[in-house]
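The block underneath contains the structure these notes are about, expressed in structure tokens.
The values are calculated or read from the model by the stated rules, or taken from the named source; none is laboratory data. Because the structure is a prediction, the values reported are computed rather than measured. Note: ideal-geometry Cβ built from the backbone for every residue, glycine included; neighbour counts use all protein chains shown. Protein only, heavy atoms only, side chains kept; ligands, DNA and RNA dropped before computing areas. Shrake-Rupley method; radii C 1.70, N 1.55, O 1.52, S 1.80 Å.
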Amino acid sequence: MASVKLVNIKKVYPNTETKKKKVKKGEQPEEKKVNLQITDEGVVAVQEFSLDIADREFVVLVGPSGCGKSTTLRMIAGLEEITAGELYIGDRLVNDVAPKDRDIAMVFQNYALYPHMSVYDNMAFSLKLRKTPKAEIDAKVKEAAEILGITEYLDRKPKALSGGQRQRVAIGRAIVRDPKVLLMDEPLSNLDAKLRNQMRAELIKLRQRITTTFVYVTHDQTEAMTLGDRIVIMRDGYIQQIGTPQEVFQHPHNLFVAGFIGTPQMNFFNNCKLVKEGNTYAVEMLGKKVALSAEQNQKLAAAGAADQTVTVGVRPVHLDITNEGFAAKIDVSEMMGSEMHLHMNIEGQDIIGIIPTAGLDLNTVKNGSQVFFNFNPALIHLFNPETELNLI
Amino acid sequence: MGSKTSLSKALVRRETISGYLFMLPCLFFFLTFVIYPMFMCVFTSFFDSNMGKNTTDVFIGLANYRELFSDRIFLGALRNTFVIVLVSVPVVMVFSLWVASAIYDMPMVLTSAFRCIFYLPVVTGSVAVTVVWKWMYNNYYGIFNFLGKNLGLIDKNINWLGDEKYALWCIILILLTTSVGQPIVLYVSALGNVDKTLIEAAEVDGANRSQVFRNVKWPQIMPTTLYILIITMINSFQCFALIQLLTSGGPNHSTDTIMYYIYYTAFKLYRYGYGNAMGVVLMIIIAVLSAVQFKLGSSDN
């Protein structure tokens, strides 16, 4: 148990040298930093990364491939050198402390179980290295195995286990030693969809039993939303937003976060006009004028917003099919059971709406039919198309 | 195999036949030049044979083998062979692993350079290498005597290859230089193939460098170690060219190895049957030791 503090962390991979090394050591291909900034000093993977992680907090780093999230995690683990900035675990500055002395545990994406050791020995390994008494090792390994439901596999080699079981062993290996910080690098991404959902739920349960600080890396926003106390959304090495799942969903800081969090993606309408009429604001979009709510007016006024071009964002779940409103044509309607995903086209733009199926006449939303949709203006987001920042 | 059973029988048969056809040329040479001579070797070892040089072969049962174990020169050769194996195998193993560990994660250029240097003696013809060594060991103008005297290590010239005390060790030294190349290349690639995340996992688990090596790298390169152990052992057992070129087993049979003594008996004394009996004994020794090593090595996994 300990807090983790990252102060203005930066990571630069020096130019050619690292590239060669990477290829030689068979680094995973998704680590390709294609969309990162290449400067004179090299490839910048992470920069201006500052974050205070409280004791026992569960923080999720999320972002698309190559956004620097794994690099950040590996810097916390001590597996990557920190180019600039300061990293504290507890009160200790650990920039130059070896991984073995940081008292952290890590769960790797490919599990990284020692193939020649039994499940028991895999889990006992770190304790043995710490010269823990045998009886204590035994008790701790058995307790962890109990929590994770792998007691019956303790004598097996990792080879003889399924993906889900290996995952449990990897987690078991991390929790037996009560680490100060538990790092997880996309731990669920090698599992199939069903197992992933199951393990996700188990992680939430596990979290309640284990009192430690978690840092979790994923590219899956569902995992981020369900697991994290706070989410850190990253892109191209920069933090985009830090907040609780609710905050990032309801108040995305910029266009990227708005598009990244939430499936299906938020609908964006470009080239809309924000107009100020006296003390209130309205948005002109798709040939109609939409008045904004009092709260939105207040925020816009506080920010001193003037007439300008804006991008309007509306989440699919906030679209309603109504008798009047914006006319659109349904291209494809997908029946999902309790809800329906409508892929619509309005003035050449593709948008998605999610509507509940309860009490819905399916004939009205057939492929190719003409419908009207509307939305509650209080739930829309306005973005400055240049700075990409949320205006509200 | 599993996927094969799902194919139709006719298809499997056709594939099998074409497979054997592809093998045929190779199989022909293998049978003619490897299996048949091996069989003949065992067969003639029961005869008093000189391959029809003077007389016809006479069946004498196990007499050749009985003679072997009272032949002092053979027993001496056996002892020399074991000395060579027992010294060179551990030294080669330890040295090559040490070099490979040191160079495998260097920048590519350096790794390649070192690999090349250590592999050079392997690709250079053994005759050429041996001739150079022979010059270095020379009693009158060899570099060892020159350096030894100038540095004050020795008082007077030593006849390295002509002295029973030193001759065998001189041969072992040359054998070492030509034996480490292959293991280093193999170890460099084996160490490079150790899963990087396993090493990272061990580091995070709290292992220091030597613990990472012992608990992660060493088990991971075990198959390579086993392979190197066996090829080095066989290579040492079959040490021949060096002896033939440098000392011809002398002085006073002090550098005889089984391989050289087989050659000497069969092709100098024309006692083919007796030579073949030694060959069979050597084959059995190597086979047994290899089997034991495989057994020990694979029980770890």
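Take the conditions (1) open to solvent by less than 50 Å² (accessible area, probe 1.4 Å); (2) within 14 Å of chain A (Cβ to nearest Cβ); (3) in contact with a Gly (Cβ under 9 Å, 6 or more places away or on another chain); (4) not polar (S, T, N, Q); B:Pro223 misses just one of them, which is (1). The sole residue among B:Asn157, B:Asn150, B:Asn138 that is open to solvent by 70 Å² or more (accessible area, probe 1.4 Å) and of a type in the set (S, T, N, Q) is B:Asn150. Residues of region A:350-380 that are over 30 Å from A:Gln250 (Cβ atoms) and of a type in the set (Asp, Glu): A:Asp361 alone. Residue count for region A:102-133, restricted to those that are in a loop (DSSP other than H, G, I, E, B) and of a type in the set (A, V, I, L, M): 3. In this entry, A:Lys157 passes the filter for residues that are in contact (Cβ under 8 Å) with a residue 40 or more places away in the chain and within 11 Å of chain B (Cβ to nearest Cβ).
Yes/no matrix, rows are residues, columns are (1) open to solvent by 60 Å² or more (accessible area, probe 1.4 Å); (2) in contact with a His (Cβ under 8 Å, 6 or more places away or on another chain); (3) in a loop (DSSP other than H, G, I, E, B):
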position	(1), (2), (3)
A:Gly337	no, no, yes
A:Leu360	no, no, yes
A:Thr364	yes, no, no
A:Asn367	yes, no, yes
A:Val371	no, no, no
A:Ala378	no, no, no
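Criterion applied to B:Phe22, B:Phe95, B:Phe33, B:Phe69 was being surrounded by 12 or more Cβ atoms within 10 Å (Cβ to Cβ) and more than 14 Å from every other protein chain (Cβ to nearest Cβ), and the one residue passing it is B:Phe95. The single condition among (1) aromatic (Phe, Trp, Tyr); (2) at pLDDT 90 or above; (3) loosely packed, with under 15 Cβ neighbours inside 10 Å that B:Tyr119 does not meet is (3).
Just wondering, is there one or more residues in region B:141-161 that are touching a residue at least 40 places away in the same chain (Cβ under 8 Å) and touching a helix residue (DSSP H, G or I) at 6+ places or on another chain (Cβ under 9 Å)? So far as region B:141-161 goes, yes, one or more of its residues are touching a residue at least 40 places away in the same chain (Cβ under 8 Å) and touching a helix residue (DSSP H, G or I) at 6+ places or on another chain (Cβ under 9 Å). Within region B:128-165, the residues that satisfy the criterion of being among the charged types (D, E, K, R), farther than 20 Å from B:Asn80 by Cα and in a loop (DSSP other than H, G, I, E, B) are B:Asp155, B:Lys156. Would region A:65-87 turn up any residue that is over 22 Å from A:Ala170 (Cβ atoms), open to solvent by less than 40 Å² (accessible area, probe 1.4 Å), at pLDDT below 90 and within 14 Å of another protein chain (Cβ to nearest Cβ)? Within region A:65-87 (the criterion being over 22 Å from A:Ala170 (Cβ atoms), open to solvent by less than 40 Å² (accessible area, probe 1.4 Å), at pLDDT below 90 and within 14 Å of another protein chain (Cβ to nearest Cβ)), the answer is no, since none of the residues qualifies. Just so you know, in region A:237-256 the residues that are assigned to a helix (DSSP H, G or I) and aliphatic (A, V, I, L, M) include one that is farthest from A:Asn267 (Cα to Cα), and it is A:Val248.
For A:Asp320, the conditions (1) of a type outside the set (S, T, N, Q); (2) in contact with a strand residue (DSSP E or B) (Cβ under 8 Å, 6 or more places away or on another chain); (3) open to solvent by less than 60 Å² (accessible area, probe 1.4 Å) all hold with the exception of (3). Listed conditions (1) open to solvent by less than 20 Å² (accessible area, probe 1.4 Å); (2) under 16 Å from A:Asn8 (Cβ atoms); (3) more than 14 Å from chain B (Cβ to nearest Cβ) are all met by A:Ser50, apart from (1). Criterion applied to A:Asp96, A:Asp103 was being away from every other protein chain (no Cβ under 13 Å) and either under 30 Å from A:Gly237 (Cα atoms) or free of Cβ contacts under 8 Å to residues at least 12 places away in the same chain (or both), and the one residue passing it is A:Asp96.
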